[in-house]
Amino acid sequence: VERSYIMIKPDGVQRGLVGEIISRFEKKGFLLKGLKLFQCPKDLAQEHYKDLKDKPFFPKLIDYITSGPVVCMAWEGAGVVASARKLIGATNPLQAEPGTIRGDLAVQTGRNVVHGSDSPDNGKREIELWFKEGELCQWESVQAPWLIE
Ligand code: GTP
Ligand code: MG
């Protein structure tokens, strides 16, 4: 099964957008398999964003992600990775379409409220990075037959 690591960044938590953001994935019909509020240590943020370590904004990005608690989530479903990226919208919120999370709720790339995995492989990698064994729940939603024929 395909899974995406979705994270509400510290600005989303501080701005009181946790419920709003979780709600969008719930209403879409994906299955929540893991959820926690978490203060991210620096080394984990650096590992998570290691592909960006040579970018000029990398130190600021690490400060941002570790500046307060984040909400870590594992969402499951066929096509969840690409679909979540669409629900989230473009990296720059000013370019994100209305109706997307960033398009509706943010104005700057450096404060874009939410993260979503960019491939199924990275979804797996990131969920293993952010969650310990036993933190994910194995369950099925009663809605399943009403979502998938
Ligand atoms: P994530 O879902 O968070 O991975 O965002 P993304 O996949 O849309 O973008 P990318 O992986 O390229 O960049 C990761 C994060 O780094 C972005 O979401 C921003 O928070 C931050 N970032 C990217 N580019 C810039 C930039 O030019 N300036 C600043 N300040 N931050 C940036
Ligand atoms: Mg990314």
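Tabulated values for the structure
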item	result
Rounded percent of accessible protein surface that carbon and sulfur make up, the chain, 1.4 Å probe	54 percent
Table column - 3J(HN,Hα) (Hz), segment 130-138, Karplus curve with 6.51, -1.76, 1.60, x for Gly and Pro	9, 10, 8, 4, x, 8, 8, 9, 8
Electrostatic dipole magnitude of the chain [Cβ: Lys, Arg +1; Asp, Glu -1; Cα centre; debye, to 20]	380 debye
Computed over the chain: relative contact order in percent, which uses C-alpha pairs under 8 Å that are six or more apart	36 percent
Amide H contacts of Ala96 (H built 1.01 Å from N, under 5 Å, at least 5 apart or other chain)	Ala90
Exceeding the 26 Å Cα-Cα cut-off - candidates Lys27/Lys55; Lys9/Lys42; Lys9/Lys86; Lys36/Lys124; Lys33/Lys86	Lys27/Lys55
Rg(Cα) / (2.2 N^0.38 Å) computed for segment 50-149, rounded to two decimals	1.23
With all protein chains modelled, accessible area of Val18 [1.4 Å, Å²]	40 Å²
Residue-normalised accessible area of the chain, expressed per residue, 1.4 Å probe, Å²	58 Å²
Extent along principal axes [Cα atoms of segment 1-92; Å; largest to smallest]	36, 26, 24
Cα centroid separation, segment 67-94 to segment 106-131 (Å)	6 Å
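The values are calculated or read from the model by the stated rules, or taken from the named source; none is laboratory data. Just so it is clear, the structure is predicted and the values come from calculations on it, not from any experiment. Note that we place each Cβ from the backbone using ideal geometry, even for glycine, and neighbour counts take in every protein chain shown. Please note that ligands, DNA and RNA were not included when accessible areas were found on the heavy atoms of the full protein model with its side chains. Shrake-Rupley method; radii C 1.70, N 1.55, O 1.52, S 1.80 Å.
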